[in-house]
Every structure is written in C-alpha cells, then in structure tokens.
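The values are calculated or read from the model by the stated rules, or taken from the named source; none is laboratory data. Quick caveat: nothing in here was measured; it's all calculated off a predicted structure. Neighbour counts are summed over all protein chains in view; Cβ atoms, including those assigned to glycine, are modelled from backbone coordinates with ideal geometry. These accessible areas exclude ligands, DNA and RNA; they are computed on the full protein's heavy atoms, side chains included. Shrake-Rupley method; radii C 1.70, N 1.55, O 1.52, S 1.80 Å.
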Amino acid sequence: MKGDNRLKTTDMLYEGKAKIIYATEDPGLLVMKYKDEATALDGAKKGTIANKGLVNNRVSCLLFKLLEQHGVATHLVKQLDDRSVLVKRMQMIPLEVVVRNVMAGSLAKKLGQEEGQVMAMPVLELYYKNDELHDPMINGYHARALGWATQEQLAVMEQKAGQINQILQPFFDSIGIILVDFKLEFGLAEGEILLGDEISPDSCRLWDKESMAKLDKDRFRRDLGQEAEAYQEVCQRVENALGN
Ligand code: UDP
C-alpha cells in the first residue's frame with residue numbers, strides 16, 4: 001500500500017557514504033536511511049557528526065515538502081521515522097547540478113576568487129557523478145554526447161534548479177541564513193523528472209546572515225569544530241519555520 005507505515009523493507013540495494021537504500025514490498029517505493037557518518041575530500045576524511053542523519057532527514061523532508069507546495073515534483077512520499085524516508089523509486093540521472101549564489105568552495109579555488117563574493121547572477125554547474133573520477137565538472141555537451149541526459153532533460157533540470165533556488169534562497173533568508181550554494185540530483189520516474197537525493201547541511205553551504213558563521217559541512221571539511229551544533233541550529237530554524 002502506497003505511503004503505508006507498515007510497508008516492509010526487503011533487500012538493501014545500496015550503501016553510500018551518507019545513506020542506505022532499501023527496497024520495499026512495493027516495487028515503486030524505496031526507503032532511504034540516513035547515517036551519521038561523514039566523509040569529505042573524496043572519502044579521504046572520515047568521521048561522525050552526532051545526529052547528522054536525523055538532522056539531514058528532517059531538514060530535507062521539510063524542504064522537499066516546501067518545494068512540493070511550490071509545484072516542484074520530488075521523490076518524497078513521507079518521512080517514516082527520525083532517520084528514514086519513503087521515496088519514489090527513480091532511475092537516477094548520473095549528474096550533480098550545483099547552483100551558486102555566492103562565490104565559495106571549488107569555484108573560488110579554480111577561478112582564484114575570494115570566498116563570499118556575491119555574484120551578479122546565480123551560476124549553474126554540472127558534475128558527472130563518479131567517485132573514481134572524483135566527480136569531474138562537465139558541461140551539457142558532455143552529458144548529451146555521452147548519453148547521461150538529453151537536451152530536453154538538461155533544460156528541465158536547469159529550469160527546476162533555478163526555480164528551486166528562487167524558493168529556497170528567500171526561505172533561508174527568512175530564517176537568517178544565506179544560501180551560498182547547493183547541489184541537486186534528479187531522476188526519472190514514469191518519464192517525469194523528479195528531484196531526488198537530499199537538500200541538507202551536507203549538500204548546501206549555509207552561512208548565518210549576522211555572524212557569517214558556517215552552518216554546514218564545511219565545518220567538518222575544514223576542521224572548524226562544532227559540526228553537530230551547526231547542523232542542529234539549521235534543523236531548529238527550519239523546523240520552527242516549517243514544522244507542524
Ligand atoms: N556538493 C555536494 N556533493 C558533492 C560536491 C558538492 O553536496 O559531491 C555541494 C557542496 O556541499 C556545496 C556545493 O555542492 O554546497 C558546491 O560544492 P563545491 O563545488 O564548491 O565543492 P567542494 O568545495 O565542496 O568540494
């Protein structure tokens with residue numbers, strides 16, 4: 001039964017760095033279970049952030065619900081418990097779509113720019129999801145030429161990424177957070193492109209508007225400490241604004 005809490009998980013399909021995916025009795029539905037383990041620098045740095053799984057699941061579920069309310073189709077069916085969410089099974093498109101509002105991270109390094117520079121317009125980037133190759137940056141021609149996505153699919157993902165930014169940027173602003181950049185993943189279910197994976201402090205750069213403190217995975221990547229507190233702070237603000 002769709003969306004039923006009693007739906008049983010069957011096989012573990014995949015274990016990634018941050019999540020485990022289980023099949024369910026319904027072939028169209030999967031369970032995603034979030035872990036507390038954190039990795040960075042292509043897996044070279046490993047650790048645990050207390051309650052990271054719980055925070056990422058909660059934040060992501062609330063943000064996906066917000067996006068659904070604004071007409072963005074996602075894989076979300078419903079949150080099952082602290083660390084698990086029921087989602088639609090999709091055929092994943094092997095790309096990471098990054099949207100940037102403020103200069104930071106790999107782009108600042110690549111272009112020799114100061115972090116924190118507000119850009120004249122949002123920047124969209126594509127990366128090929130491949131751990132062995134360290135997720136290389138690509139463009140739409142590569143994606144089309146290698147059969148990772150069609151021109152139409154790329155256009156839909158670009159449109160959706162822009163729409164998501166226009167929803168999330170003002171939302172985060174309303175809770176005192178600058179949405180610096182974020183990463184999206186999309187998949188196909190019954191021919192439709194849905195937003196998948198997660199939107200959380202693991203996949204976004206989130207800076208406190210007043211103190212400019214980093215409230216995201218950069219605390220772990222850059223050994224800034226207080227990772228768990230930063231994740232909790234984001235969760236609390238998102239929950240206060242969107243939770244019931
Ligand atoms: N990002 C992600 N997964 C990745 C790579 C990047 O979620 O495999 C997110 C990252 O958290 C940031 C944005 O995408 O919010 C842009 O990341 P960037 O390219 O600057 O890479 P980084 O400096 O994190 O290596």
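Looking at Lys46, is it outside any loop (DSSP other than H, G, I, E, B), surrounded by fewer than 21 Cβ atoms within 10 Å (Cβ to Cβ), touching a Ser or Thr at 6+ places or on another chain (Cβ under 6 Å) and charged (D, E, K, R)? Taking the combined requirement at face value, the residue satisfies it.
Scanning the stretch 100-151 for residues that are buried (at least 17 other Cβ atoms within 10 Å of the Cβ) and among the basic types (Lys, Arg) turns up just one, Arg100. Within the stretch 160-172, restricting attention to residues that are under 24 Å from Ser106 (Cβ atoms) and without any contact (Cβ under 8 Å) to a residue 60 or more places away in the chain, the residue that is farthest from the ligand (Cβ to nearest atom) is Gln166.
The single residue among Leu179, Leu188, Leu154 that is open to solvent by less than 50 Å² (accessible area, probe 1.4 Å), away from the ligand (no atom under 14 Å from the Cβ) and in contact with a helix residue (DSSP H, G or I) (Cβ under 6 Å, 6 or more places away or on another chain) turns out to be Leu154.
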